[in-house]
Each structure stands twice: as structure tokens, then as C-alpha cells.
Amino acid sequence: MKKGFWLRLALGTGFLLGLLLLARVLLTYNYVAGRLLIDHLGQRAGDYIAQAQNAVYSGNPENDRALQDILDEFLMERGDAVASIGIYDQLGAPLTFSGLQLSTSLDQSTLDEILISGSQRVIERVRVDDDVFLLVTTPFRSRMGAGPPGPPGEDWVPGRPRFLIAQIALYLSGASDAYAPLKRNLIISIAAATALLLSITVVVLRLRTYLHGQELEQQLALAGQVQRELLPDELPAVSDLEISAEFEPAQGVAGDYYDVFVMKDGRISLLLGDVSGKGIPAAIIMASLHGSIQATNLEPGSVSLSSRVTRLNQDLFARTPTDRFVTLVWSVYDPEYRTLEYLNAGHPAPILLRASDSGPALIERLDPSGPLLGAFNKSSYTQAEKQLKSGDLLVFYSDGLDEAENRNGEMYGEDRILEFVRSRAGESAEAVREAIVRDVLSFTEGAGLQDDLTLLVVRIP
């Protein structure tokens, strides 16, 4: 009975955390498919209007026909992105127009607001048959054109630009394609979170059978398979790095996490983390951590590592139980300068084995520079940097390695890890990873792993 209670509690906790993960990814997808795309196109529309305005200034047309020729040439050069552009006077009457005719209207109150503010833009979607366009209305300065001169309520001085109205229509489909890879990854995350929730739901609905048979183990294996889908299927091929990873959960699912991905600015993110505890609750938090980290990849490359981890900590603090926390080391490698930025939030310090032409290889550590994640809301984190060179070796690992025990209760320990890594200087990342796994399994003498074991070995060729 007690066993059933704790299992129900663990499954209920896992289900709630899974819902939070699914909601988070859905919100991120809606943001990418909606607001982010609209903001991006709004900025591009502003750039196009500025280019058109410069073209009109340079051409200095003396009549509407000359203005029409300038707009036709402008549209011809940008026809793959711009569907139409029109210039209107302050009363909304068209002066000239080029491109696809769209059914739109300009009410006088909107025109007055745009002209008075001098900067407000009205953005709306317009559908024509199967095509969708983004229509942007904005002020436009010109030294010609019919209608009242200058902003409402102001006198016009000869030679001073008149305030007109410009409308530009952009193709929405082409811009949306640029976000297709990101949307595809988010859809995969949604599918994985949904599959994990369905797995837990099946376990809950058939809990009595699971407690007396092997189906629970099968469903946990399915959850473990879903969890593995969140980890990299293939490590990215980077010419300037050798990367090898090992992920061995102590149970069907794990609280360990690692990831390797190429950032928007071309640098390589290398992460390894560990959620407190084991089993389904730890695995759900791990999945939530994965979603949050992937969401930060939407941010520009200029956002610092410490800022990303600070927001990640606040997010985990708000969405995880008080007795749950995460240790994480996040490093970013720049292949152009061979520098490694890193931030260690309470995780076992990764090993940096320095290549040496003479004498024994030197060992440095990527020591913690901030507290563990999810424990305190206002924690601060400091990033550091290492300059790497050819032959340097990095070993990231979870505490399942140094805390692995043999049948006598003796732990593998950090000293053994350090000496073993030092003895493998000059070997490839894959060879070092395989040798460490063989050695720790030999040390445990078949006793099995008491905790999840994750390794990430990186070598600079």
C-alpha cells in the first residue's frame, strides 16, 4: 500500500511537470509563429519604407508619373519579398501605387494618429486566395504630392518635406520559411512532451496491473526512450572538435542531461546537468530543463551566458518543487578563436587536460561559479573563459561517475578520475570516453550503477 502511494505520488508529480513542459513549449511555438514573425516583418517593412523614401529623395520626382516610375523600379528589385507599395495623401487618397492590388481601407482617425505621432505603424494581415500578406502603414516624407502640406495643424515651408502615408505589403509565406527549422524542433519537443504525458497516463490508468507485473517496467522503458529523444540523436559534426558522449540511466528514466548544439552565431554549446533525485520526477524536470535551454537559443548570440543561466534559474525556481534543484555546467566554444566560455552552477568541476610537449599533462578544473539552479530565486552567476589549444581534452561528467560504488561500498572517487584521465593524454575523445566507462564498470564489479552516469568528452584536434 505504501509502495502504491509513493508511486502514485511520483506519477502525479511527473504528470503535472509534464503539463508545465508542454504548456511552455506550446507558448514558445505560438510566440515564434506569431509575435516573433510579425515583429521581424515589421522591422523589415520599416527598412523597406526607408529605402523607398531614400529612392524618392534621390530621384526628386516632379509629378506622380515620375513617382510611379521610382516605385516600379523599387518593387522590381525587391519583388521576392515585397508584394506592393503605395503612397497616399493625408486624406487617404492614392497618389501612386505599384504591385499587387489588395483590398484595404484607411480611415481618417488612423491617418491622423500616424501623421501626428510621426512614427506609429499599423500592422495587419491580409489574405488573398491562398496567399497571406503583412500590410504595414507608416508615415512617409516627400517634397511632392497632393493634399494638405505638413503634419495636421502646421504650416508648410517651401522645400520642406511633406508628410504623406505609405503602405507596403510583404509576403508572409517566404518570411515564415526562415523559421521553419526552429518551428520543426519545437514541434518535435511538443510531440516528445505529449508522448511522455501519454506514457505516464497509461501507467496511472493501469497502475494496479503495473504493481503486480512487468508492464510498469515496459512503460518506464518507453518513457526512457522518449527521454532519449530529447538528447542529441547525433552530435554535431564540428571540424574543430572531437565530441563523444555517454548516457547511462540507473533506472528506466534519468535526471541527468546533456546537450550539444550550434548556436545562432556559429559557436558550440556544450552542456551537462544533473537533477536531484532519480526516476520519473527527475526525468520530467530534465525535460523541462531541455525545453527552457532550447528556448534560450531564440535569443541573439550577444546575450551573455550568465544572463541566460540567471533566467534559467528563475524559471526553474518558479516551476519546480522546493526540494528539487539542478546542477549544470554550460560552456560555449568559439571555433574561430578557440576560446571556451563556461559557467558552472554547483556541478562537479569538469576536467581540462592541457596538452604538453614535454613533461606530464597538466590538469585544470572548471570550478563552480554560482549556486545550483532552482534553489534560490535571486542567485547570481559569473562566467569565466579558457583559451584552448590543439590537444587539449575536456571531460564533463555527472556525480554518477565519482560516486559509483563497488561491492565493498568504496566509491570510484575524483582522484581516480583525475589519474585515469591524465593517463589517457593524447587519445581521441571517443577512446577516452570508452576507457572511462570500461574502468568504472570494472570497478563496480557488476554491482550496477547506483546513480545516473553521463559523460561528455571533448578534444581539440
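A few notes on this one:
- Which of Y48, Y258 has the fewest Cβ neighbours within 10 Å, and the rest in rising order: Y48, Y258
- Each of the peptides 290-296, 394-400, 410-416, 349-355 was scored by the mean count of other Cβ atoms within 10 Å over its residues; in descending order, highest first, they stand as 394-400, 290-296, 349-355, 410-416.
- Per-peptide average of other Cβ atoms within 10 Å, ordering 266-276, 232-242 highest first: 266-276, 232-242
- In terms of overall dimensions, the C-alpha atoms belonging to region 324-461 reach 46, 45, 21 Å along their principal axes, ordered largest to smallest.
- Other residues with beta-carbon under 13 Å from the beta-carbon of L373 carry, at +1 per Lys or Arg and -1 per Asp or Glu, a net charge of +3.
- All Cα-Cα separations within region 231-459 were binned at 10 Å from zero, giving a P(r) of 8, 33, 38, 18, 3, 0, each value a whole percent of the pairs.
- Assuming charge only on the beta carbon of Lys and Arg (+1) and of Asp and Glu (-1), the dipole of region 231-459 about its Cα centre is about 620 debye to the nearest 20.
- Extended-chain gain in nm, criterion 0.36 nm per residue less alpha-carbon gap, T110 and S442: 111.9 nm
- C-alpha center-to-center spacing [region 305-344, region 238-282] in angstrom: 12
- Förster-model FRET efficiency, 25 Å R0, E403 and S423, C-beta, rounded to 0.05: 0.75
All of the numbers you see were taken from the coordinates with simple rules; none came from a lab. If you're wondering where the values come from, they're calculated on a predicted model, not measured in any experiment. Note that we place each Cβ from the backbone using ideal geometry, even for glycine, and neighbour counts take in every protein chain shown.
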